[in-house]
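Step one of this worksheet: look at the structure below.
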Amino acid sequence: MSVRCTFAHVDLAALQSNFRAIREFLASSSSPRPPGIVGVVKANAYGHGAPAVALALQDAGATILACADIEEAVVLRKAGVTAEILVFGALSVSDLGGVFEHDLTPTISTPGAGRSLQAAAAKHGIKLACHLKIDTGMNRLGLRFDNLEYTLPELVASPNLEIVAIYTHFATADDPDDPLFELQSKRFEQVLDRLPQLGIHPRLRHAANSAATLRDSRAWYDLVRPGLMMYGVVPPPLASTIPLKAVLSLRSRVVAVKGVKVGEVVGYGARWTVPKPGRIAVVPAGYADGLDRRMAGASSVLIRGKRAPIVGAVSMDMITVDVSDIRVETGDEVVIIGEQGGERLEVREIAAAIGTNPYEMLCRVGTRIERIYQ
């Protein structure tokens, strides 16, 4: 039984609603064959809790899920996930046993990964279905788009590997002013045109993350890979008419209220000086729980439906908030992310205020915070 009063509430019904809304959005396009959806549940499902989220998406109709590495995928299998699981990450230095033991779909993103997977598949006596990642300009993982004549022949000659899908990843899909998105799209198209000549005939193609899904239907291909959008957050600065619902809220309780005098200071480093007689409330959530230290002086919490600015330093286990203008008592609910009394603190707003992005805000929700699923 938890004795801490800070919880992350995860609305699985909202998650499933978002999945269906994205599916309906894709189906409403002029495309004769709408793409399928890869439910991205890496990084503990963006902080929401991967096992529960994956099972909820599977129940909503997701047939493919994706995570970062074999270890994340094994957690999902042990939780009872039966849908196909695509592993995005590099595998050439990994223990590949989990790929075969847990029926995972690996990504070949380096020549070394191809060699390792071929050797392991031959040892198991099977033909292994794989996705091939192409680097079209992000310069992270993937076979370079302009070097395939040298890197693909070895893969084509690998008798125990079957390339069933090819994909790329956009570096700037969320930046409408950056020309790299169009350049990457063009390069990927050129690769697709050349693949048959190089001996590869994939059944599936995919490229679009949340931002690319919203931005350009030409990037949809056969599958799209919504992550942030599935959790109810539109990647900034983009906008969307899809009826998405925030899945996660972060809530706590006031554990102490005290008066402060003019000129006194609050918190580590004495960073906030009291400007007038008032009161502060103490909330048991800090940077060990994933709150960013930059929230002090830049963000607020909700108490009794009103915004209470975070003052002083965000410390390891708690924050202090200015409640001079709010009638507050010990035990009052505190909303750090979410809605209360008609007022709302959205993760996009908080991220913008402290100079980060919603992905980081969600993924940083700490492991000691219990997730409550509803």
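Kindly report the accessible area of the range 322-374 per residue (heavy atoms of protein chains, probe 1.4 Å, no ligands, DNA or RNA), in Å². All intermediate terms of the calculation are to be shown ahead of the outcome.
On the way: 2670 Å² over 53 residues.
The answer is 50 Å² per residue.
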Count charges around Asp135 for me, please; just the other residues with Cβ under 13 Å from its Cβ, Lys/Arg as +1, Asp/Glu as -1. +3
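For the chain, what proportion of DSSP beta bridges, expressed in % and rounded to the nearest 5, is antiparallel? Walk me through the intermediate numbers first.
On the way: 30 of 60 bridges.
Antiparallel bridges: around 50 percent, rounded to the nearest 5.
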For the chain, rounded, prolate or oblate, judged on the Cα gyration tensor with a ≥ b ≥ c (square roots of eigenvalues), a/c < 1.5 rounded, else prolate if a/b > b/c? prolate
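Checking the a/c ratio against 1.5 first, then a/b against b/c, what shape does the Cα gyration tensor give for the range 53-198?
oblate
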Using the Karplus equation 6.51 cos²θ - 1.76 cosθ + 1.60 (θ = phi - 60°), what ³J(HN,Hα) coupling, rounded to whole Hz, does each residue of the range 313-329 give in order, writing x for Gly and Pro? 8, 6, 9, 4, 10, 7, 10, 10, 10, 7, 10, 4, 9, 10, 7, 10, 10
Would you give the gap between the C-alpha center of the range 188-234 and the C-alpha center of the range 317-374, rounded to a whole Å? 34 Å
If you roll a 1.4 angstrom probe over the protein chains with everything in place, what fraction of the accessible area of the range 326-368 belongs to carbon and sulfur, to the nearest %? 42 percent
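Give the carbon-plus-sulfur fraction of the accessible surface of the range 211-265 in %, rounded to a whole number; probe 1.4 Å, heavy atoms of protein chains only. Let's see the in-between values first.
Details: 1170 of 2260 Å².
That share works out to 52 percent.
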Going by a ≥ b ≥ c, the root eigenvalues of the Cα gyration tensor, does the range 310-374 fall in the rounded group (a/c under 1.5), the prolate group (a/b larger than b/c) or the oblate group? rounded
For the chain, take the longest principal axis of its alpha carbons; what is the angle in degrees between that and the long axis of helix 50-60, to the nearest 10 within 0 to 90? 70 degrees
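List the pairs from Lys42/Lys245; Lys42/Lys306; Lys127/Lys186; Lys245/Lys306; Lys261/Lys306; Lys133/Lys245 whose alpha-carbon separation is above 24 Å, in the order I gave them.
Too far apart for the 24 Å limit: Lys42/Lys306; Lys127/Lys186; Lys133/Lys245.
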Name the long-range amide H neighbours of Leu128: under 5 Å, sequence gap of 5 or more, or other chain; modelled H, no Pro or chain starts. Leu161, Glu162
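The values are calculated or read from the model by the stated rules, or taken from the named source; none is laboratory data. Owing to the predicted nature of the structure, the values given are computational and were not obtained by experimental measurement. All Cβ positions, glycine included, derive from the backbone under ideal geometry; neighbour counts span all protein chains shown. To get the accessible areas, we keep the full protein, side chains included, count just its heavy atoms, and leave off ligands, DNA and RNA. Shrake-Rupley method; radii C 1.70, N 1.55, O 1.52, S 1.80 Å.
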